[in-house]
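The values are calculated or read from the model by the stated rules, or taken from the named source; none is laboratory data. Keep in mind that what you see is a predicted model, and the values were worked out from it rather than measured. When we count neighbours, we look across all protein chains shown, and the Cβ atoms used for this are built from the backbone with ideal geometry, even at glycine. Just the protein is used for accessible areas: all its heavy atoms, side chains included, with ligands, DNA and RNA removed. Shrake-Rupley method; radii C 1.70, N 1.55, O 1.52, S 1.80 Å.
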Amino acid sequence: MADARAGTPPFRAEVIGSLLRPRRLKDAGRAVQEGRLPPAEYQAVLEAEIARVVARQEDIGLAVVTDGELARSSWFGFFFEGLGGFHLEPSHFAFKDADGCAFEWPTCVAEARIRRRAPITLAEFERANARVRRALVKATMPAPSAFHFFRLGKSVDPQAYPDVSLYFNDLVAVYRAELAELAQAGCRYVQLDEVPIAMLCDPDVRRQAEAQGGDPTALLDTYIALLQRITADRPAGMRLGMHLCRGNFRGRWMAAGGYEPVAETLFNQMPVDTFFLEYDSDRAGDFRPLRFVPKDKTAVLGLVSSKCAEVEDQDVLLRRIDEASRILPLDQLGLSTQCGFASVAGGNVLSEDAQWAKLELVVDTAARVWSGK
């Protein structure tokens, strides 16, 4: 596994993707919506804030950075907003919090044959890549499962797609085009954000999916097959990662349960090089599923929570990394936050100071664990 100075993924210290939207950017966005600020001036603020967060990531020692996803409405919404053929309907799966309160949210439904209006992730990558001094820019995008799972059999209008396989064909074409364009622009590192497969670790979610006519095992196979088709002729030199997330909306989540129900199939058949795994709470289970990670793949442990303001105890992180290394060799491990800090534009409930402190903790802890390795 590469070290933080090598400039080649995977890295010991990783950033997942989204960062808190700065107040200046939020205010500018509101002013544009209210007609008080020209769009060009908002764009200038966006450019300046992306330059700032890219520089800050490099300054704290990260060898891989993102643009913070600052221009996005959410981790998922920005992608289907770049496609024609969708409208919004309620998701069949709700967010919940520690008190058990449910929060419903909208997801996309294909009402017509989907089409890509223009490149979706390319501009983000190029903007960030123009601002790095020494780090590698990682592009992030939702995994294709997100376009199906949240409404399962009702994710498409049968008038548009009488056979869901036609819908999957169109999705594959979209993703293949995205990866090809990113590669042409020089992108060597792409992360797919995968929520549905992580949700299938939850017995309650599996039962809910079955009640809607979905077979959890078949769904896992379907989503893996989609990625296998998308990456069948992956651009040369491009490394792929997959972030497993149980939902992240202002501290809420959609599922709980360890990786055991999906681990053997996922780790061995999903055509990615690195798995970014949530491990910040008991909801993620123990490290035993790591025994299924093949020797040619790596696992980045998301031990630092992006959901809360309290900064973790480094000694606890060190003990947990040591515990994981008894299952998967230390040379196949890395460290990150469990998710991004702002999967939606509103962001999680913590300050920017806490966000940077947590990322600094990731870098410092990784240096202590893997120094010289």
Task: the chain: most fluctuating residue of ARG246, ARG72, ARG52 per GNM, C-alpha cutoff 10 Å - done: ARG52
Task: Positive minus negative residues near MET238 (Lys, Arg vs Asp, Glu; Cβ under 14 Å) - done: +1
Task: the stretch 186-229 - percent of accessible surface contributed by carbon and sulfur, probe 1.4 Å - done: 48
Task: Carbon/sulfur fraction of accessible area - the stretch 17-142, other protein chains in place, 1.4 Å, % - done: 51
Task: Gyration tensor verdict on the stretch 20-139 (Cα atoms; rounded if a/c is under 1.5, prolate if a/b is larger than b/c, oblate otherwise) - done: prolate
Open item on the list: Tell me the net charge near ARG115. Cut-off is 14 Å between Cβ atoms, ARG115 excluded, with +1 for each Lys or Arg and -1 for each Asp or Glu.
Closed with: -1
TODO: Mind telling me which of ALA198, ALA263, ALA112 comes out most flexible in a GNM of the chain, alpha-carbon contacts under 10 Å?
DONE: ALA112
Open item on the list: Could you tell me the relative contact order of the chain? Use alpha-carbon pairs under 8 Å, at least six residues apart, and round to a whole percent.
Closed with: 20
Task: Rounded to the nearest 10 Å², the accessible area of GLU278 at probe 1.4 Å - done: 10
- [ ] Take the alpha carbon gyration tensor of the chain, find the square roots of its eigenvalues, order them as a ≥ b ≥ c, and report rounded if a/c is under 1.5; if not, report prolate when a/b exceeds b/c, else oblate.
- [x] rounded
- [ ] Just need the relative contact order of the stretch 288-373 here, percent rounded to a whole number, with Cα pairs under 8 Å and 6+ apart.
- [x] 38
Open item on the list: With a 1.4 Å probe and all protein chains kept in place, how do CYS187, CYS308 rank by accessible area, largest first?
Closed with: CYS308, CYS187
- [ ] Give the accessible surface of the chain per residue, rounded to a whole number of Å², with probe radius 1.4 Å and ligands, DNA and RNA excluded.
- [x] 40
TODO: Quote the relative contact order of the stretch 210-317 in percent (integer), defining contacts as alpha-carbon pairs under 8 Å separated by 6+ residues.
DONE: 25
Task: Share of carbon and sulfur in the accessible heavy-atom surface of the stretch 273-373 [1.4 Å probe, %] - done: 48
Task: Difference of contour (0.36 nm per residue) and Cα-Cα distance, GLU210 to LEU166 - done: 13.6 nm
Open item on the list: Assuming 0.36 nm per residue, please report the length gained on full extension of the stretch ARG326 to ALA183 beyond their Cα-Cα distance.
Closed with: 47.8 nm
- [ ] Count the net charge of all other residues whose Cβ sits under 9 Å from the Cβ of ALA55, scoring Lys and Arg as +1 and Asp and Glu as -1.
- [x] +2
TODO: Give the ranking of LYS26, LYS295, LYS307, LYS154 by solvent-accessible surface, highest area first, calculated with a 1.4 Å probe.
DONE: LYS295, LYS154, LYS26, LYS307
TODO: Could you tell me whether the stretch 133-289 comes out rounded, prolate or oblate from its Cα gyration tensor? Rule is a ≥ b ≥ c as square roots of the eigenvalues, rounded for a/c under 1.5, then prolate if a/b exceeds b/c, otherwise oblate.
DONE: oblate
Task: Sequence of LEU219, LEU166 when ordered by accessible area, the most exposed leading, probe 1.4 angstrom - done: LEU166, LEU219
Open item on the list: Let me cross-check THR8: its accessible surface, 1.4 Å probe, with only protein heavy atoms counted, in Å² to the nearest 10?
Closed with: 70
